[in-house]
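I have placed the structure first, in the form of structure tokens, so that the comments after it can refer back to it.
Since every read-out is calculated from the coordinates, none of them should be taken as a lab result. These figures come from a predicted structure and were not determined experimentally. Cβ placement follows ideal geometry from the backbone for every residue including glycine, while neighbour counts extend to all protein chains displayed.
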Amino acid sequence: MKVLNIMRGAILTGLIVSLGACNGIASGDSGLFRRTAPKTITPEEAEARLARRQSAADQQRGVNEGLAIKSKSRTESARANQKRKKLFDLFRSNTDPNNTVEVNSYLWQASLEILDFLPIQTVDPFSGVIVTGYGTPPGGGRAYRATIYVQDPALDARSLKVALATQLGPVDPATQRAVEDAILTRARQLRIQDSKL
């Protein structure tokens, strides 16, 4: 509880300092507590401003109507917002320690075995991401790097995303598909080996 209060104080202090640094409330002329008298506007300027605001609103309305087709319904958004409560909920540990990693272990192991010639830079088993550096395959002359994303616990092609690149740019889609197929084949072999035990 003491740590939570310290974190709240630190966040509040940071907000106050940042507002002061950007001349927010402390400047006295931030818009809320204006020291100078407001500028008088002629009727022509007022009409021009109104016309500009109306045209901007019409443009935005057209954009919003186009996006409304693609966006989630209001009930889905309301359900998602019900889960969010407060800013300080981010700092609470409400997770169940008995949860397992949501990554397919066979795809994970197969990815590491198939691309073992690449130096590993980052591995995050909780999010399912493997990032490698540049390396040349045995018998090959071109250096590759890969980013592998195992996104589902199912042993399925949809669970695996592989992005290969050379120093010149992305590789041919056929090469990328061949690497994905090799990883999937090795993952199936690993699963068969485990079922025999």
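Computed packing ranks the peptides 178-188, 118-128 as 178-188, 118-128, most packed first, by mean other Cβ atoms within 10 Å. The label-point distance for Thr185 and Glu47, in a model that sets each label 7 Å from Cα toward Cβ, rounds to 7.7 nm.
Taken along its three principal axes, the alpha carbon spread of segment 105-196 comes to 41, 27, 21 Å, from the longest extent down to the shortest.
Counted by Cβ distance under 13 Å from Leu160, the other residues give a net charge of +1, where Lys and Arg count +1 and Asp and Glu count -1.
Our compactness index for segment 146-191, the C-alpha radius of gyration over the empirical 2.2 N^0.38 Å, is 1.20.
Think of each Lys and Arg Cβ as +1 and each Asp and Glu Cβ as -1; about the Cα centre, that makes the dipole of segment 105-196 roughly 120 debye.
Take 130-138, 148-156 and order them by the average number of nearby Cβ atoms within 10 Å per residue, most first; the result is 148-156, 130-138.
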